[in-house]
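Novice: Got a structure for you, questions after.
The values are calculated or read from the model by the stated rules, or taken from the named source; none is laboratory data. Small disclaimer: the values here were computed from a predicted structure and weren't measured. Positions of Cβ are backbone-derived with ideal geometry, glycine not excepted, and every protein chain shown enters the neighbour counts. Calculation scope for accessible area: heavy atoms of the full protein, side chains included, ligands and nucleic acids excluded. Shrake-Rupley method; radii C 1.70, N 1.55, O 1.52, S 1.80 Å.
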Amino acid sequence: MSSYIYGNITVLAVAIAVDPDQIHHGAAVLTVLATAVLTYLAHVLSHLVAHGLGAEESSDHDRRQSVATIVRNANPIATSGLIPAVLYAAAWIGWLPAEWAQIAATVILVVRIGMVGVFMQRFSGKRPTFLGLWGSIVLAAVAFVIGFVKVVLTH
């Protein structure tokens with residue numbers, strides 16, 4: 001779940017930072033995809049190092065299982081850029097206005113992040129609660145603020 005949230009916040013910052021000219025020239029598609037893929041690779045690498053896969057006490061089977069788990073758990077980071085990339089590509093070829101694509105990408109990413117609380121309750125077999133819904137709204141707002149502040153401070 002942390003990879004899902006992290007990946008979406010990282011791509012959200014890019015979706016906020018993109019300007020309509022980048023969308024019109026196709027650079028936004030590459031920027032979003034590069035951000036998702038490179039964040040994925042950095043995440044996998046950091047977990048491989050953190051889990052000490054070079055440790056002598058683990059068997060080859062354990063190492064392979066650990067690598068497979070790390071790669072699988074990082075997949076939400078890589079997939080977080082797919083919807084914004086498709087929206088930006090649609091704007092690039094003229095199917096959508098660039099501003100609409102950017103707004104839609106941003107809103108979709110915020111909603112994806114915000115739905116985490118409700119989905120977590122659902123996956124654990126519980127009915128979503130009012131408190132869970134409010135937690136989701138707060139999570140979405142905090143994620144948006146993080147993305148916005150990242151853009152303001154780094155771009």
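Novice: Consider the candidate values (1) 17.7, 56; (2) 16.4, 55; (3) 17.5, 59; state which one is Rg and Dmax of the Cα atoms in Å computed from the structure displayed.
Specialist: The listed entry that was calculated here is (1).
Novice: If I compute solvent accessible area with a 1.4 Å probe over the protein chains, what percent of it on the chain is carbon and sulfur?
Specialist: 71
Novice: Would you kindly derive the ³J(HN,Hα) couplings of the stretch 18-26 from the backbone phi angles with the Karplus curve 6.51 cos²θ - 1.76 cosθ + 1.60 (θ = phi - 60°), listing them in order in whole Hz, with x for Gly and Pro?
Specialist: Once θ is set to phi - 60°, the couplings for the stretch 18-26 become 5, 10, x, 4, 5, 5, 4, 9, x Hz.
Novice: Not counting ligands, DNA or RNA, and with a 1.4 Å probe, what is residue 70's accessible surface area in Å² rounded to the nearest 10?
Specialist: Approximately 10 Å² of residue 70 is accessible to the 1.4 Å probe.
Novice: Using 0.36 nm per residue of separation minus the Cα-Cα distance, give me the extension gain between residue 73 and residue 25 in nm, one decimal.
Specialist: Gain on stretching residue 73 to residue 25: 14.0 nm.
Novice: For the chain, with every protein chain kept in place, what is the accessible area per residue (1.4 Å probe, Å²)?
Specialist: Averaged over the residues of the chain, the accessible area is 59 Å².
Novice: For residue 100 and residue 146, what is the calculated FRET efficiency with R₀ set at 22 Å and r taken between the beta-carbons, to the nearest 0.05?
Specialist: The pair residue 100/residue 146 has a calculated efficiency of 0.40.
Novice: Might you report the magnitude of the Cβ-based charge dipole of the chain about its Cα centre, with Lys and Arg at +1 and Asp and Glu at -1, to the nearest 20 debye?
Specialist: 540
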